[in-house]
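The values are calculated or read from the model by the stated rules, or taken from the named source; none is laboratory data. Values in this document were obtained by computation on a predicted structure and should not be read as measured data. Neighbour counts run over all protein chains shown; Cβ positions are idealised from the backbone, glycine included.
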Amino acid sequence: MRVVRLTFVTVVAVGLCCLALRSSRLLAQSAPPQATAPKLAEEQFKNIQVLKGIPAEQLIPTMQFIAASLGVECEYCHVEHANEKDDKKPKRTAREMITMMMAINKNNFDGHREVTCYTCHRGAANPVGTPLVGDAEPPRQPHQHDAAAAEPAAPAASDILAKYLSAVGGAEALHKITSRIQHGNLVSSGEGGGQPTTIDVYSQAPDKRLSAMHMKNGDSITAFNGAQGWLAIPQRTHIMSAAEVDAARIDAAFYLAADLPSLYSKFVTVPGEKIDGHDTWLVIGRSEGKPPLRLYFDRDSGLLLRLVRYAETALGRNPTQLDYADYRAADGIKIPFRWTLSRPGNNRFTIQIDKVEQNVPIDASKFTPPPPPPPPPTH
């Protein structure tokens, strides 16, 4: 048994674990997962009006998008424990705003979703209609020839991805590892943050992983077995939606550094922002019908410093950002021992890995989905 450290590809799904904890109240209000064709929102939830026709599994992520766009919590619009009620004025206003937004996109952007809740609200309950006055001189915009002289030409995306693969040790070294168990701690700066929580992550090549966050009232589990994903807290299980499965598939890719070129049909490179003092290249992966993937690579080392992925909802995209640090060398490969996951609002946590065991047996039953809950009793 060898004790080493972690590859970043196993990192991202731990974020879903925290999401499951934060969203447990919402999971409790949804119907049990069904093996039949997906239900529509109005078939599974009460009093759906302007969001009729969307898949039921998209309703909660869509509500999360609205909350993030306005910087509010669920109870801003909803009556606690009675989401179907229309007692609060902000809920009625929200329906009017959604109708207006859909009309703007239909009439002005050929039905493409160009205007969203965030376009006007920018994280505030009341949209800002007057330009803000800055407290400093605006930065001087360089002339076109100055910018061209200061910024080197962007390398081809294929060269940046190849440099990244080489920086972490190369495909041959990566493929020598077929399983991994990681042990670490999580500290959240959001709801309930401050106290570290232990985490174990089990990964099996090529695309299986399970993370267990050990809470006082039981484990919070996030799992993906290559085809199906689920979130589980004591007494409740949520089968992942299609958007969540797409995210989990990236998170569970055991050899992500080697597999990245095949995951998207097209990659483009643009100058990236400075991250912790490091200049970066931003590589954007795109495929028809999928949200983009944004990857920030250190220009000098070639290592991945930031990954931003998106989950589609009925009204807009929910972003998730992961920042990687504390890269260490072990057994011919480099991996981050620390990463920070951030979502809109005060929803951020950092994970520090203490120990990693590689090429150790993992019980196959860990990747078996839990049985569906029994149906509610009939009266």
**Study point:** Every residue from the range 101-120 that is within 28 Å of the chain's Cα centre (by Cα), within 26 Å of residue 46 (Cβ to Cβ) and part of a helix (DSSP H, G or I)
**Key:** 101, 102, 117
Revision key, fill the gap. Residue 198: passes all of (1) surrounded by fewer than 16 Cβ atoms within 10 Å (Cβ to Cβ); (2) of a type in the set (S, T, N, Q); (3) in contact (Cβ under 8 Å) with a residue 40 or more places away in the chain; (4) in a strand (DSSP E or B) but (3)
Point to revise | residue 352 vs. criteria under 28 Å from residue 116 (Cβ atoms) and out of contact with any Asp or Glu (no Cβ under 6 Å at 6 or more places or on another chain) | key: no
Practice item. Would you confirm whether any residue within the range 63-70 is buried (at least 19 other Cβ atoms within 10 Å of the Cβ), under 23 Å from residue 223 (Cβ atoms) and modelled with pLDDT of 50 or more? Key: yes
Exercise for review: Mind checking which strands (runs of 3 or more DSSP E) fall wholly inside the range 297-370 and carry at least 2 residues that are of a type in the set (Asp, Glu) and without any contact (Cβ under 8 Å) to a residue 12 or more places away in the chain?
Suggested key: none
Review point. Scanning for something of a type outside the set (A, V, I, L, M), touching a residue at least 24 places away in the same chain (Cβ under 8 Å), under 24 Å from residue 38 (Cβ atoms) and part of a loop (DSSP other than H, G, I, E, B), does the range 59-78 turn up at least one residue?
Key: no
**Study point:** Of residues in the range 77-108 being within 18 Å of residue 313 (Cα to Cα) and of a type in the set (D, E, K, R), the one surrounded by the most Cβ atoms within 10 Å (Cβ to Cβ)
**Key:** 95
Check your understanding: Can you name the condition, by its number, that residue 277 falls short on among (1) under 24 Å from residue 177 (Cα atoms); (2) free of Cβ contacts under 8 Å to residues at least 12 places away in the same chain; (3) of a type outside the set (S, T, N, Q)?
Key -> (1)
Review point. When you scan the range 242-275, how many residues do you find that are over 27 Å from residue 162 (Cα atoms) and in contact with a Pro (Cβ under 7 Å, 6 or more places away or on another chain)?
Key: 1
Point to revise | Condition broken by residue 204, with the remaining ones in (1) over 18 Å from residue 306 (Cα atoms); (2) free of Cβ contacts under 8 Å to residues at least 40 places away in the same chain; (3) of a type in the set (S, T, N, Q) satisfied | key: (2)
Check your understanding: Which residues, taken from the range 231-244, are surrounded by 18 or more Cβ atoms within 10 Å (Cβ to Cβ) and either modelled with pLDDT of 95 or more or closer than 22 Å to residue 290 by Cβ (or both)?
Key -> 231, 239, 240, 241, 243, 244
Practice item. Check the range 245-254 and report whether any residue there is at pLDDT 95 or above, part of a loop (DSSP other than H, G, I, E, B) and closer than 30 Å to residue 359 by Cβ. Key: no
Review point. Which is among the basic types (Lys, Arg), over 22 Å from residue 370 (Cα atoms) and at pLDDT below 90, of 92, 2?
Key: 2
Check your understanding: Mind checking whether some residue in the range 285-297 is at positive phi and touching a strand residue (DSSP E or B) at 6+ places or on another chain (Cβ under 7 Å)?
Key -> no
Review point. Do we have any residue at all in the range 321-329 that's crowded, with 21+ Cβ neighbours inside 10 Å and out of contact with any Phe, Trp or Tyr (no Cβ under 8 Å at 6 or more places or on another chain)?
Key: no
**Study point:** Residue match in the range 145-162 (condition: in contact with a helix residue (DSSP H, G or I) (Cβ under 7 Å, 6 or more places away or on another chain) and either modelled with pLDDT under 75 or within 30 Å of residue 363 (Cα to Cα) (or both))
**Key:** no
Point to revise | Criterion violated by residue 288 - all others in (1) more than 21 Å from the chain's Cα centre (by Cα); (2) outside any strand (DSSP E or B); (3) over 23 Å from residue 224 (Cβ atoms) satisfied | key: (1)
Exercise for review: Mind telling me which of the residues 301, 342 ends up being among the small types (Gly, Ala, Ser) and within 21 Å of the chain's Cα centre (by Cα)?
Suggested key: 342
Check your understanding: For the range 164-184, does any single residue satisfy the condition of being under 30 Å from residue 315 (Cβ atoms) and either surrounded by fewer than 20 Cβ atoms within 10 Å (Cβ to Cβ) or in contact with a Pro (Cβ under 9 Å, 6 or more places away or on another chain) (or both)?
Key -> no
